[in-house]
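Engineer: First the structure, which I've put down as structure tokens, then a few questions once you've had a look.
The values are calculated or read from the model by the stated rules, or taken from the named source; none is laboratory data. It should be emphasised that the depicted structure is a prediction, and the values quoted were computed from it without experimental measurement. Heads up, the Cβs are rebuilt from the backbone with ideal geometry, glycines too, and the neighbour counts pull from every protein chain shown.
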Amino acid sequence: MSVMPGYSPRAGAAVIIPVDVIRFFYVMTAIVMMLGIAREVFVVMVGTETVLQDLRHFELDAERNVGAWYSSALMVLIAVCAFFNWQMNRHRTDIVSYSWLLISVVFFALSVDETAGFHEVVDVPLRETFELTGAFYNPWIFFGAFFVVVFAAVLMPFLLSLPRMIAALFVVSGAIYVGGALGLEPFDAYFEYTYGEGSFPHIVSTIIEETLEMIGLTLFLHANLIYMADTRTTLLLRR
């Protein structure tokens, strides 16, 4: 079993985290996705006029449910891993140290937004002001796309400094997540505007979108754990 050693010469209790714990998160990701798909099938075949109603808590395209909680939890774990990596690199003054801190802050903010849905606040005002329709029905994607471009540009030197395999995992996981969160959002918006929320095309688009987001987050967490194991990141509990 691979582990991230937690040894430190300082006084305190060191924590050893099995890298294989990532298997648990892959299984959890699969379960959350299957529950979301099962919920959509249940609503289509059985309807909502049952004792279970619409099983809203398992719906993938909604706030305050299992899917949003799980995605938020993955983001918090990524933020924690990045924070520990920043702690391990605090003696450095180059881009590597500050990039870890930036990743930690950004993913913590994303976890809050995933639960609270702040990014959707701009949709209605902008939609009504500019009379947006079709693929631009959810205009928050303009802000999201701008943020992704800036974030990727800032992290480019950092990625080039990482071991090749870790950098590749970061890029692939990021592409999967952004592909779901931003790449499919115009299709989701188009289907919602054209066929209505809850229509079959909208449901399929949403399932694919949320699935890609969770897979991307899980893979990114995996990459962080591999990096922490390879660099012998120490998690130390002390008074």
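Engineer: Is it the case that segment 42-64 has a residue that's at pLDDT 85 or above, out of contact with any strand residue (DSSP E or B) (no Cβ under 8 Å at 6 or more places or on another chain), surrounded by 14 or more Cβ atoms within 10 Å (Cβ to Cβ) and among the hydrophobic types (A, V, I, L, M, F, W, C)?
Structural biologist: Going residue by residue through segment 42-64, those that are at pLDDT 85 or above are none.
So far as segment 42-64 goes, no, none of its residues is at pLDDT 85 or above, out of contact with any strand residue (DSSP E or B) (no Cβ under 8 Å at 6 or more places or on another chain), surrounded by 14 or more Cβ atoms within 10 Å (Cβ to Cβ) and among the hydrophobic types (A, V, I, L, M, F, W, C).
Engineer: Same structure again: Consider segment 110-137. How many of its residues are among the small types (Gly, Ala, Ser) and under 19 Å from residue 66 (Cα atoms)?
Structural biologist: Summing the residues that are among the small types (Gly, Ala, Ser) and under 19 Å from residue 66 (Cα atoms) in segment 110-137 gives 3.
Engineer: A further question follows. Residues in segment 116-124: is at least one in contact (Cβ under 8 Å) with a residue 40 or more places away in the chain and either surrounded by fewer than 17 Cβ atoms within 10 Å (Cβ to Cβ) or of a type in the set (S, T, N, Q) (or both)?
Structural biologist: Among the residues of segment 116-124, at least one is in contact (Cβ under 8 Å) with a residue 40 or more places away in the chain and either surrounded by fewer than 17 Cβ atoms within 10 Å (Cβ to Cβ) or of a type in the set (S, T, N, Q) (or both), which makes the answer yes.
Engineer: Only one of (1) surrounded by 15 or more Cβ atoms within 10 Å (Cβ to Cβ); (2) farther than 17 Å from residue 59 by Cα is not met by residue 181, so which one is it?
Structural biologist: The one condition residue 181 does not meet is (2).
Engineer: While we're here: In this structure, is residue 166 among the β-branched types (Val, Ile, Thr) and within 30 Å of residue 59 (Cα to Cα)?
Structural biologist: Here the answer is no, as residue 166 does not meet what is asked.
Engineer: Hey, among the residues in segment 193-208 that are surrounded by fewer than 21 Cβ atoms within 10 Å (Cβ to Cβ) and of a type outside the set (Val, Ile, Thr), which one's nearest to residue 170 (Cα to Cα)?
Structural biologist: So, considering only residues that are surrounded by fewer than 21 Cβ atoms within 10 Å (Cβ to Cβ) and of a type outside the set (Val, Ile, Thr), the one nearest to residue 170 (Cα to Cα) is 201.
Engineer: If you don't mind, there's one more thing I want to ask. Where in segment 142-230 are the helices (runs of 4 or more DSSP H), entirely inside, with at least 3 residues that are touching a residue at least 12 places away in the same chain (Cβ under 8 Å), closer than 23 Å to residue 74 by Cβ and not polar (S, T, N, Q)?
Structural biologist: Correct list: 164-178, 200-230.
Conditions (1) of a type in the set (Val, Ile, Thr); (2) closer than 24 Å to residue 69 by Cα, marked per residue:
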{"site": "160", "(1), (2)": "no, no"}
{"site": "166", "(1), (2)": "yes, no"}
{"site": "176", "(1), (2)": "yes, yes"}
{"site": "201", "(1), (2)": "no, no"}
{"site": "214", "(1), (2)": "no, yes"}
{"site": "218", "(1), (2)": "yes, yes"}
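Engineer: Kindly evaluate residue 166 against the criterion of being surrounded by 12 or more Cβ atoms within 10 Å (Cβ to Cβ), farther than 21 Å from residue 182 by Cα, modelled with pLDDT of 80 or more and among the β-branched types (Val, Ile, Thr).
Structural biologist: yes
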